[in-house]
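A short worksheet on the structure shown next.
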Amino acid sequence: MKRPLRGALTALAALLAVTLAPAPATASAEPKAPAGFVALRAVDPTILQDMRYTTPHNFVGQPVDGYREPLCILTRPAAEALHRAQAKLLRKGYTLKVYDCYRPQRAVDHFVRWAEDLDDQAMKGEFYPDVDKTRLFADGYIAAKSGHSRGSTLDVTLVRLPALPTRPYVPGEPLVPCHAPRRERFPDNSVDMGTGFDCFDTLSHTLDPRVRGAQRANRLLLKNTLESQGFVNLAEEWWHYTFKPEPYPDTYFDFPVATGSLTRGD
């Protein structure tokens with residue numbers, strides 16, 4: 001074989017080796033929700049959504065890991081049960097408003113890291129004014145796993161119709177304790193439940209005997225309406241409800257809160 005031809009074949013073989021070599025490994029794709037998870041707005045667009053963990057107005061003081069969009073995602077049975085509850089409340093002049101729904105495990109991990117950082121107490125004045133941050137795990141306010149990550153738990157309140165807008169939170173504004181009188185707390189178009197959402201205080205216990213009058217009546221209206229549709233309240237948090245039976249009682253998901261996480265058709 002002539003030397004120039006041999007050189008050309010060698011070059012061609014090298015080119016083919018590069019072309020046919022396996023592609024380098026790429027970052028793994030984000031996990032997706034299994035079939036059966038839905039955006040709440042696709043089931044009931046009348047339910048208000050005030051998704052706090054996409055904003056800095058929460059006990060962490062910044063948007064939380066995994067919340068890509070201000071979107072309520074739930075398992076379809078939970079969303080449909082919430083729709084039935086909403087129909088009952090609309091007839092009474094109220095609407096539901098959700099603060100949080102499905103929560104990815106990475107968000108729970110963010111909460112844990114925040115709770116372990118005792119130097120970060122930027123939002124203490126509003127969300128845990130009377131609780132020492134060293135007690136958040138022991139007192140059950142923060143945990144390594146959350147029922148929200150199973151997809152059938154939500155944080156919810158009532159708003160009287162017509163719903164008034166709630167002004168945006170301004171980072172750095174003076175904080176007021178979440179258990180202060182309603183006229184002093186951060187404004188929320190929710191009815192008066194006795195405390196704000198995510199208030200780390202025993203006054204947040206749904207049936208705390210110190211909560212009376214209209215505040216207690218509002219809590220009971222929410223509780224009785226949701227329980228009639230299969231939801232179970234967490235006794236320590238007036239806003240926290242889980243639909244039973246859960247489609248995924250033992251699975252903690254980590255797909256992001258985003259429209260792209262959902263299966264088309266759901």
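Right, Gly151: crowded, with 19+ Cβ neighbours inside 10 Å, at positive phi and not aliphatic (A, V, I, L, M) or not?
Numbers: crowded, with 19+ Cβ neighbours inside 10 Å: yes; at positive phi: yes; not aliphatic (A, V, I, L, M): yes.
Yes.
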TODO: Read through the list (1) part of a loop (DSSP other than H, G, I, E, B); (2) surrounded by 15 or more Cβ atoms within 10 Å (Cβ to Cβ), then give the number of the only condition that Gln215 fails.
DONE: (1)
Open item on the list: Being within 20 Å of Thr157 (Cβ to Cβ) and among the small types (Gly, Ala, Ser) narrows it down to one residue among Ala78, Ala42, Ala29, Ala122; which is it?
Closed with: Ala78
TODO: Would you please name the residue that is surrounded by the fewest Cβ atoms within 10 Å (Cβ to Cβ), looking only at residues in the range 157-185 that are more than 15 Å from Cys199 (Cβ to Cβ) and touching a Leu at 6+ places or on another chain (Cβ under 7 Å)?
DONE: Ala163
Open item on the list: Please determine whether any residue of the range 141-149 is under 26 Å from Gln215 (Cα atoms) and not in a helix (DSSP H, G or I).
Closed with: yes
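Please specify each residue of the range 87-106 satisfying the condition of being of a type outside the set (D, E, K, R) and touching a residue at least 60 places away in the same chain (Cβ under 8 Å).
Residues of the range 87-106 of a type outside the set (D, E, K, R): 87, 89-90, 93-96, 98-99, 101-102, 104-105.
Of everything in the range 87-106, those that are of a type outside the set (D, E, K, R) and touching a residue at least 60 places away in the same chain (Cβ under 8 Å) turn out to be Leu89, Leu90, Gly93, Tyr94, Thr95, Leu96, Tyr99, Cys101, Tyr102, Pro104, Gln105.
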Open item on the list: For Gln49, only one of the following conditions fails: (1) of a type outside the set (A, V, I, L, M, F, W, C); (2) free of Cβ contacts under 8 Å to residues at least 40 places away in the same chain; (3) in contact with a helix residue (DSSP H, G or I) (Cβ under 9 Å, 6 or more places away or on another chain). What is its number?
Closed with: (2)
Task: Subset of the range 96-125 [in contact with a Phe, Trp or Tyr (Cβ under 7 Å, 6 or more places away or on another chain), of a type in the set (D, E, K, R) and either closer than 30 Å to Asn224 by Cβ or in a helix (DSSP H, G or I) (or both)] - done: Asp100
Task: Candidate set: the range 189-212, residues that are within 18 Å of Thr166 (Cα to Cα), out of contact with any His (no Cβ under 7 Å at 6 or more places or on another chain) and among the polar types (S, T, N, Q); chosen: the one surrounded by the most Cβ atoms within 10 Å (Cβ to Cβ) - done: Ser190
- [ ] Report, by residue number, each residue of the range 218-247 that is more than 20 Å from Phe197 (Cα to Cα), in contact with a strand residue (DSSP E or B) (Cβ under 7 Å, 6 or more places away or on another chain) and either modelled with pLDDT under 95 or surrounded by 15 or more Cβ atoms within 10 Å (Cβ to Cβ) (or both).
- [x] Gly230, Pro247
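I need the full set of residues from the range 217-245 which are in contact with a helix residue (DSSP H, G or I) (Cβ under 6 Å, 6 or more places away or on another chain) and touching a residue at least 40 places away in the same chain (Cβ under 8 Å), in order please. Show your work before the answer.
First pass over the range 217-245, keeping only residues in contact with a helix residue (DSSP H, G or I) (Cβ under 6 Å, 6 or more places away or on another chain): 225-226, 229-230, 233, 237-238, 241-243.
Within the range 217-245, Thr225, Leu226, Gln229, Gly230, Glu237, Trp238, Tyr241, Thr242, Phe243 meet the criteria.
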- [ ] Could you tell me whether the range 243-265 includes any residue that is polar (S, T, N, Q) and in contact with a Pro (Cβ under 8 Å, 6 or more places away or on another chain)?
- [x] yes
Open item on the list: Please pick out the residue among Thr157, Thr134 that is under 19 Å from the mean Cα position of the chain (by Cα) and either of a type in the set (S, T, N, Q) or over 30 Å from Ala79 (Cα atoms) (or both).
Closed with: Thr157
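The values are calculated or read from the model by the stated rules, or taken from the named source; none is laboratory data. Just so it is clear, the model here is predicted, and its values are computed rather than measured. When we count neighbours, we look across all protein chains shown, and the Cβ atoms used for this are built from the backbone with ideal geometry, even at glycine.
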